[in-house]
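So the structure is just underneath, and the comments pick up after that.
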Amino acid sequence: SGYDGSRFDDALFLDADLAGLHDIQEELLEGELILHYFLGDDRGYVWSIDADSVSSYEIAAKDRIVDAVERVVDALRAPKIGSGCGRTKAAATLSDMLLRPVYDRLPAYSRLIVVPDGPLAHVPFSILAGKPVAAAAGAGCYTPLVESMTVEYRPSLFGRSARGVDPASSTDGRGDVLVVSDAVYSERDSRFSFPAPEHSPEPGAPVSASRTASSLKRLHWSSTEAAELIAAAGNRRSQRLSGFDALKSRFLSLDLTRFGIIHLALHGLFDARQPDIASLVFSLYREDGENVDGYLTMQEVSGLEFDASLVVLSGCSTALGDEVDGEGLLGLTRAVLQSGTDSVVSSLWNVDDAATAQLMSVLYTELLVHGRPVRQALQRAKLSVRARPQWRDPYFWAGFALSRSVH
């Protein structure tokens, strides 16, 4: 392996196991690139790692990058119907900050593995430009990375594998399929067969969550997602918890280690003031109208035992978490990974129901019918959504991120 611009004594590599770095390189295949970021107060660094070389480059200081990230992410959290070009200026600025040192190398790769630092875990790298965007283009369009490469995230560089578990597909018969969808969040839900009791605080509700739970909308399209997954699973055994049966208690009563794919089409709650109480929200009512504890907190997720090749958190804001310098994004995604899951697909912002149903349909068809790896299946799913004029804007297709395990 070759080393270029050795700055390993400057930041993250101060105490790094360079032998471990050689091991990582030996696992990388042609066309695979790791970009490992470190954001410092005075300057940042990005390490570019492939099978043959390691290079380090200086990038902008943390405060400048945070400002650029916030502009992109804030813009992405609201749709621009039918537009794919409205984010160009902010995204091009961020692309230059994060990718300019490797622009000339990117065309040689088809798989990008990002090890983010702090706020970079909020960035959907698939929308960034793979080459400089001409100033003359103004607010014009450019070709995002999703067109040319798969993108995935790792919480850290050193771990079990640089590449994470990457089976040829998830159709190797590993475990059953579990789907949880269309939970009941409101006492006014039309599925009640009688007038439900007046709303009261849900048992077990996190402090801030209880104030927002009553405003959680029904995820109508999640039933479509569930049906598409079960159909794609074919002869693979599947179990579905839906409506009044989508209870936290029912979920926890299952032997979760027998499922190879777990799809949770549920709302995820996150409060920036109390990031440690991030929760997945199961049904809050039984069929008789009784309030129940439907909040599966991040701490509870961390205590579960999975043996899944893939967990999909198909809800709102499920990838958001606490930002810790040098540690990347903490939250429900990391909790699931640490509990024994190889890969997690989760949302970076409040996603559109209809576009998500389309994306999930293609994801599972590519994964289970055509046998593609998760990263390629997700890329194709995003491209299928992006191909529709009404969903071309990144808000509709870029919100789902693939994270890989290092345990």
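The values are calculated or read from the model by the stated rules, or taken from the named source; none is laboratory data. Keep in mind that what you see is a predicted model, and the values were worked out from it rather than measured. With ideal geometry, Cβ positions are generated from the backbone for all residues, glycine too; neighbour counts draw on all protein chains shown. Surface accessibility is based on the protein's heavy atoms, side chains included, excluding ligands, DNA and RNA. Shrake-Rupley method; radii C 1.70, N 1.55, O 1.52, S 1.80 Å.
The selection criterion, being outside any strand (DSSP E or B), farther than 25 Å from residue 378 by Cα and open to solvent by 30 Å² or more (accessible area, probe 1.4 Å), holds for residue 67. Considering region 357-407, and only residues there that are among the hydrophobic types (A, V, I, L, M, F, W, C) and assigned to a loop (DSSP other than H, G, I, E, B), the residue that is most open to solvent (accessible area, probe 1.4 Å) turns out to be 387.
Summed over region 248-303, the residues that are in contact with a Gly (Cβ under 8 Å, 6 or more places away or on another chain), assigned to a loop (DSSP other than H, G, I, E, B) and open to solvent by less than 10 Å² (accessible area, probe 1.4 Å) give a count of 7.
Within region 250-269, residues that are over 17 Å from residue 310 (Cα atoms) have Cβ atoms under 9 Å from residues that are aromatic (Phe, Trp, Tyr) and outside any helix (DSSP H, G or I) in these pairs: 250/282; 267/185; 269/295, counting only partners at least 6 apart in sequence or on another chain. Filtering region 172-182 for residues that are surrounded by fewer than 21 Cβ atoms within 10 Å (Cβ to Cβ), farther than 23 Å from residue 403 by Cβ and at pLDDT below 60 leaves a non-empty set. The selection criterion, being among the basic types (Lys, Arg) and at pLDDT below 75, does not hold for residue 237.
Scanning region 214-226 for residues that are aliphatic (A, V, I, L, M) and either closer than 16 Å to residue 367 by Cβ or modelled with pLDDT under 85 (or both) turns up 216, 226.
When region 278-298 is filtered for residues that are more than 19 Å from the chain's Cα centre (by Cα) and touching a residue at least 12 places away in the same chain (Cβ under 8 Å), the ones remaining, listed by number, are 282, 283, 284, 285, 286, 287, 289, 291, 292, 293, 294, 295.
When the residues of region 306-347 are filtered to those that are among the β-branched types (Val, Ile, Thr), surrounded by 22 or more Cβ atoms within 10 Å (Cβ to Cβ) and not in a helix (DSSP H, G or I), which remaining residue is modelled with the lowest pLDDT?
Ranking the candidates gives 318 first.
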